[in-house]
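Structure record follows, encoded as structure tokens.
The values are calculated or read from the model by the stated rules, or taken from the named source; none is laboratory data. Predicted model only: the values in this text are computed from it and were never measured. Here the Cβ positions follow ideal geometry from the backbone for every residue, glycine too, while neighbour counts run over all protein chains shown.
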Amino acid sequence: MAFKIGLLGLGTVGTGTAQILLDPSGRNPLVEELEIYRVGVRNPEKTRPVQLPPGAVTSDLESIVTDPDVDIVVEVIGGLEPARSLILKAISHGKHVVTANKAVIARFGDEIYDAANEAGVYVLLEAAVGGGIPVIQPLKQALGVNRIRSVIGIVNGTTNYILTRMQTEGADFADVLAEAQKLGYAEADPTADVDGFDAADKIAILASLAFGGRIKLEDVYREGISQVSAADIAYADKLGFVIKLLAIANREMLQDDPTDRLRLRVHPTLVPRTHPLASISGVYNAILVEGDPIGQVMFFGPGAGAGPTASAVVSDILNIAAVLKSAGGHRSTGVSPVAAEENSPSPITNYPLPITNLHPLLTCTHQHYCKIAPIEELTTRFYARFLTKDRPGVIGKLGTSFGNHGVSIESIVQTGFQGEFAEIVVVTHDVREGDFHQALDEIRTLDSVDSIPSLLRVL
Ligand SMILES: NC(=O)C1=CN([C@@H]2O[C@H](COP(=O)(O)OP(=O)(O)OC[C@H]3O[C@@H](n4cnc5c(N)ncnc54)[C@H](OP(=O)(O)O)[C@@H]3O)[C@@H](O)[C@H]2O)C=CC1
Ligand SMILES: N[C@@H](CC=O)C(=O)O
Ligand code: NA
């Protein structure tokens with residue numbers, strides 16, 4: 001019994017996926033039963049590094065998702081449209097779907113999972129978060145009995161690659177980004193990586209699984225890495241930190257907050273050098289999950305790139321094939337309900353059967369939306385860099401303004417000069433974000449303060 005795959009996209013991830021499927025030797029024997037049946041691309045004339053069955057490649061992707069012979073559609077074209085419509089069409093034609101597309105799931109996951117549950121098909125997305133790292137399946141299965149307290153991750157390979165190279169070699173931001181693009185790590189529009197959108201999509205997906213509710217993407221607070229300068233990387237290093245783009249989801253059950261809200265945020269963060277996430281470098285990702293009773297568990301591995309991401313894609317295909325296989329026949333010889341409904345002139349008589357009882361550990365069934373606390377209510381430490389006039393008493397004035405708003409300072413140092421201005425770096429103790437910003441508003445009015453070029457949170 002072969003499972004016919006309709007592969008949408010033959011770029012970085014699609015090519016890696018085809019390479020595994022075309023070379024099953026030494027892998028799980030079920031891989032031999034997965035057949036690349038059709039492949040959809042934008043430009044079928046392009047020379048490809050994989051040899052595909054004759055006539056398999058087409059630019060008519062709709063014909064793949066509606067093809068009655070296709071069992072599993074693999075969406076690795078990326079972007080929002082036509083990805084969303086193709087996934088929905090595949091579902092309505094009874095196809096199971098595997099996708100690496102976090103952007104589409106973070107925005108349209110509710111619509112897609114409602115449709116999939118109704119149609120009795122699976123939509124799996126292991127590749128969408130952490131590339132090759134198994135993290136989606138463990139959250140759904142192996143960690144499912146835990147009450148999750150927090151998920152903290154380095155979930156974007158491109159930005160971690162950029163920050164690592166800036167830190168270790170003093171490399172230039174634009175040069176390293178171009179390299180990450182060449183290596184196939186970056187999104188088609190790399191601002192999705194640099195400005196934190198990709199990490200926000202990923203933490204929304206992880207939080208939804210960890211905390212068992214849907215997440216509205218606009219509730220995720222987001223900052224990218226473009227404001228991180230070489231100077232901040234150097235000062236952070238002197239203070240015993242490395243700067244990482246972290247994606248954080250945690251549940252804070254405060255005594256005076258009975259609503260049990262989540263805090264969701266993506267921003268560059270000073271991570272103490274002794275923290276397990278501090279040593280994650282290059283394109284590697286890591287996701288630190290804390291729950292009860294397990295305590296801490298960390299998932300680590302390559303977060304982007306053809307081979308690792310394809311490993312996750314094919315593991316999802318394998319999971320679906322295994323479930324279909326253990327359920328016995330997965331095709332019907334009757335007339336397809338879709339063909340009947342569409343009054344098809346040539347009724348389809350061999351089509352994928354919907355599954356009446358979807359495996360509860362492979363599906364996503366939650367319906368309610370999680371409550372999210374606003375960023376102003378976050379309590380965190382801050383790092384701030386100030387440019388001030390070189391006058392006596394400036395540090396005292398900064399201290400007074402912070403004190404006026406209940407901000408307690410852990411360290412304050414004058415680090416040097418930038419032209420005519422003195423540079424002062426402050427690290428605070430834990431402070432309510434809203435109070436910290438009020439203090440900064442007051443500081444900005446001080447005659448001796450020129451500007452505040454950097455403001456970063458500290459883990
Ligand atoms: N790259 C990575 O490391 C990772 C990527 N992902 C996700 O995987 C997905 C794919 O990424 P990646 O492989 O890097 O992307 P690429 O840009 O390398 O490949 C995209 C592929 O899809 C095809 N395609 C794109 N748009 C259309 C369209 N409108 N109609 C037909 N074909 C289309 C392209 O065709 P053609 O070849 O003819 O141009 C190409 O084959 C994205 O959702 C991405 O976020 C997830 C984890 C890691
Ligand atoms: N652009 C993404 C690719 C994987 O999801 C990244 O850099 O992490
Ligand atoms: Na993954």
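Brief remarks on what is shown
- Residue check for Ile152: more than 14 Å from ligand 2 (Cβ to nearest atom), surrounded by 19 or more Cβ atoms within 10 Å (Cβ to Cβ) and under 22 Å from Asp219 (Cβ atoms): yes
- Helices (runs of 4 or more DSSP H) fully within region 180-267 counting 1 or more residues that are within 15 Å of ligand 1 (Cβ to nearest atom) and under 22 Å from Leu139 (Cβ atoms): 197-211
- Region 349-390 - residue that is part of a loop (DSSP other than H, G, I, E, B), out of contact with any helix residue (DSSP H, G or I) (no Cβ under 8 Å at 6 or more places or on another chain) and modelled with pLDDT of 90 or more and, of those, nearest to Gln141 (Cα to Cα): Pro360
- Check on Glu290, among the acidic types (Asp, Glu), out of contact with any Leu (no Cβ under 6 Å at 6 or more places or on another chain) and free of Cβ contacts under 8 Å to residues at least 60 places away in the same chain: no
- Filter result (in contact with a Gly (Cβ under 9 Å, 6 or more places away or on another chain) and more than 27 Å from Ala210 (Cα to Cα)) within region 351-396: Tyr351, Pro352, Leu353, Pro354, Leu387
- Which listed residue is surrounded by fewer than 24 Cβ atoms within 10 Å (Cβ to Cβ) and β-branched (Val, Ile, Thr), from Val41, Val73, Val97, Val123: Val41
- Criterion applied to Val73, Val50 was being in contact with a Gly (Cβ under 7 Å, 6 or more places away or on another chain) and in contact (Cβ under 8 Å) with a residue 40 or more places away in the chain, and the one residue passing it is Val73.
- For Thr158, the test of being part of a helix (DSSP H, G or I), more than 16 Å from ligand 1 (Cβ to nearest atom), under 23 Å from Ala231 (Cβ atoms) and hydroxyl-bearing (Ser, Thr, Tyr) is failed.
- Arg457 under 27 Å from the mean Cα position of the chain (by Cα), under 25 Å from Gly224 (Cα atoms) and at pLDDT 95 or above: yes
- Residues within region 106-147 that are more than 16 Å from ligand 3 (Cβ to nearest atom), assigned to a loop (DSSP other than H, G, I, E, B) and either under 24 Å from Ala286 (Cβ atoms) or out of contact with any Ser or Thr (no Cβ under 8 Å at 6 or more places or on another chain) (or both), tallied: 4
- Selection of first residues in region 190-215 that are of a type in the set (Ser, Thr, Tyr) and of second residues that are buried (at least 22 other Cβ atoms within 10 Å of the Cβ), restricted to Cβ pairs under 7 Å at least 6 apart or on distinct chains, gives the following pairs, ordered by first then second residue: Ser208/Ile215.
- Restricted to region 262-292, and to residues there that are over 18 Å from Ala200 (Cβ atoms), surrounded by 21 or more Cβ atoms within 10 Å (Cβ to Cβ) and of a type outside the set (Val, Ile, Thr), the residue that is farthest from the chain's Cα centre (by Cα) is Leu270.
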